[in-house]
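Worksheet for the structure shown next.
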Amino acid sequence: MSKLTPPLPKFLRPAPSRSHEDDGAGEGNGGEPGRAGKVRESAAEGSANVVGWLDERSGISPIVRAQFYRKVPKGTNWFYTLGSATLFAFVSQAVTGVFLAMYYEPDTSRAYESAAHITNEVFLGELVRGMHRWGSTVMIILIFLHMARTFVFGAYKYPRELQWVIGVVLLVLTLAMGLTGYLLPFDQRSFWATTVAVNLNASAPVIGPYLADFMRGGAEFGAASLARFYALHMLAIPGLIAALIGAHLYLVAKLGTTAPPWLKAEKKALRQEGI
Amino acid sequence: MNAREKEQYLREYSILKGQGKPFFPYAVGKDGAMAAITLGVIIAMAILFGAELGPKADPTTTTYSPRPEWYFFFLFELLRVIKPPELTLMATLGVPTICLILLLLLPFYDRSAERHPLKRPIAMIGAVATVVAMAYLSIIGALGGPPSEIEIPVAAQYKPGADVTAASGCLGCHKIGENGNTLGPNLTEIGDRLGRDAIARTLVNPTAPMPSYQGLKQENPEQFEELVDFIASLKKASEEGG
Ligand code: HEM
């Protein structure tokens with residue numbers, strides 16, 4: 001397989017040695033090239049370009065190269081873009097979320113006003129709020145489609161079981177983002193829908209009342225609840241999601257994506273492998 | 001999958017992978033196109049539908065509809081479909097939790113080597129049934145009428161109470177006449193079953209998931225009394241009398 005790897009693109013190839021350019025200058029004062037000359041040489045070479053500079057210090061280019069030019073199996077089709085589209089939707093949520101956080105105030109007396117300020121006054125505020133609002137819908141749709149794809153293709157089977165398990169946790173966390181974010185604008189609809197959702201939780205056996213108390217930050221729904229939902233929505237859940245996406249993608253890179261299940265390697269190729 | 005099947009799979013996979021195309025630029029190109037479409041759809045929806053902001057949250061009362069995001073409709077609807085109160089626990093937590101655990105553990109009980117969807121009839125039927133059930137619950141959840149109208153004839157002295165009831169969102173969970181939802185008990189003839197005091201007690205100290213209206217009682221005792229009067233007046237006779 002390594003023989004088939006295509007050549008590196010120009011910007012990733014090692015820079016050609018510069019020593020011949022320096023020849024004249026280095027030996028101009030009659031002396032041997034000497035240690036000083038060598039150091040100058042390697043220093044000049046090292047900083048030839050940014051990629052070279054980074055590579056010299058991190059040794060990352062073989063990894064990048066292996067990832068970029070790894071093969072994706074025969075038959076990879078558009079359904080395989082759903083996972084990266086989900087990732088993209090998450091990134092979009094993160095970016096728009098950061099801009100919203102610049103203006104939003106998680107305080108029962110200010111939350112609604114700051115949301116209104118974003119919507120009505122901040123430059124492009126309504127667009128960014130709208131993108132965050134509808135981005136959540138898009139992300140939920142994409143994550144379900146991605147899950148459906150991996151289910152139909154049997155991609156959850158050996159050796160990708162762990163990927164599926166991480167995926168289900170990501171699904172739950174994404175839904176939790178939807179729940180916690182819904183309260184933040186603090187208008188009538190969001191307040192009451194969340195109240196009911198928390199009350200539903202309270203009716204769960206054993207842990208229900210504790211869970212509900214934890215979410216509310218007390219027995220009543222109010223300022224503490226808003227602060228908790230804000231912290232969960234802004235820090236805890238997205239942090240967990242980002243970490244788990246990292247693990248999910250590590251496994252994608254390590255194991256590769258499946259080939260569509262209706263493709264079979266020909267008998268001939270199997271025999272050539274030398275069974 | 002036993003050891004031989006695992007090995008067979010890995011071998012076949014490595015061949016199909018060897019016959020494939022490099023990730024860059026082929027897969028990256030498709031992923032990029034899909035990302036552009038995703039961003040386009042998000043921006044288009046943001047422009048078309050905007051970012052709605054209703055009236056400010058007011059824990060004491062006024063109009064509200066306890067409506068979740070559309071992707072939670074099926075959960076709320078599940079509550080309505082499973083009626084008997086001793087089963088609501090099952091509905092809110094039991095069914096979803098069991099489904100979630102089944103989903104999480106899928107790779108550990110579905111261990112056959114077969115991956116082709118048409119050769120996994122049980123898995124596919126199960127999946128399609130789940131999707132249909134969730135879609136059905138979501139749709140009837142979405143079609144549930146607006147929770148803020150009362151259309152039964154109301155005697156003049158109870159009119160203010162009917163308005164408070166409509167504004168308090170009781171219809172989000174209760175049916176009065178033809179209007180409202182069926183999450184909680186039907187209130188059309190509640191006056192026959194519960195007295196005025198019992199109703200007032202329920203409102204201040206309800207069973208979850210019904211929210212408490214203690215706030216209304218404190219902030220606006222007059223409206224609270226009107227509300228209770230109206231609910232208590234809902235009897236079979238009063239309906240006939242018009
Ligand atoms: C935040 C959410 C998620 C992100 C960003 C994400 C991202 C990805 C990406 C980029 C891939 C590469 C292949 C592809 O795109 O199809 C992938 C593969 C996979 N994902 Fe996800 N995913 C997410 C959620 C899920 C969920 C909810 C499940 C299922 C419960 C899941 C199960 C899988 C499996 C089994 C694979 C391997 C597919 C294969 O090898 O063909 N993922 N994921």
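3J(HN,Hα) couplings calculated from phi for the range A:83-88 with the Karplus curve 6.51 cos²θ - 1.76 cosθ + 1.60 (θ = phi - 60°) are, in sequence order, x, 5, 5, 4, 4, 5 Hz; Gly and Pro show x. Across the range A:64-79, rounded Karplus estimates of 3J(HN,Hα) from the backbone phi angles (6.51 cos²θ - 1.76 cosθ + 1.60, θ = phi - 60°) give 4, 4, 4, 6, 5, 9, 4, 7, 9, x, 3, x, 4, 10, 5, 4 Hz, Gly and Pro being marked x.
Under 19 Å Cα to Cα from A:LYS264, which lysines show up? Leave out anything in the same chain fewer than 8 places away. Counting by Cα, and skipping residues close in sequence, A:LYS264 has these lysines nearby: A:LYS71, A:LYS74, A:LYS157, B:LYS6, B:LYS17, B:LYS21, B:LYS119. Loop-located chymotrypsin sites (Phe, Trp or Tyr not before Pro) in the range A:90-128 (DSSP state other than H, G, I, E, B) with a sparse environment of at most 13 neighbouring Cβ atoms within 10 Å: A:PHE123. Between A:VAL72 and B:LYS21, B:PHE23, the built amide H atoms are under 5 Å apart, and every one of these is 5 or more places off in sequence or on another chain. The mean number of partner chain beta-carbon atoms within 10 angstrom of a residue's beta-carbon across peptide A:121-133 is 4. Most tightly packed first, judged by the mean number of other beta-carbon atoms within 10 Å of their residues, the peptides A:134-147, B:112-125 read A:134-147, B:112-125. Across peptide A:221-227, the mean count of Cβ atoms from other chains lying within 10 Å of each residue's own Cβ comes to 1.
FYI, it's all coordinate maths here, none of it is from the lab. The structure displayed is predicted, hence computed values, not measured ones. Don't worry about glycine lacking a Cβ; one is built from the backbone with ideal geometry, like all the others, and counts go over all protein chains shown.
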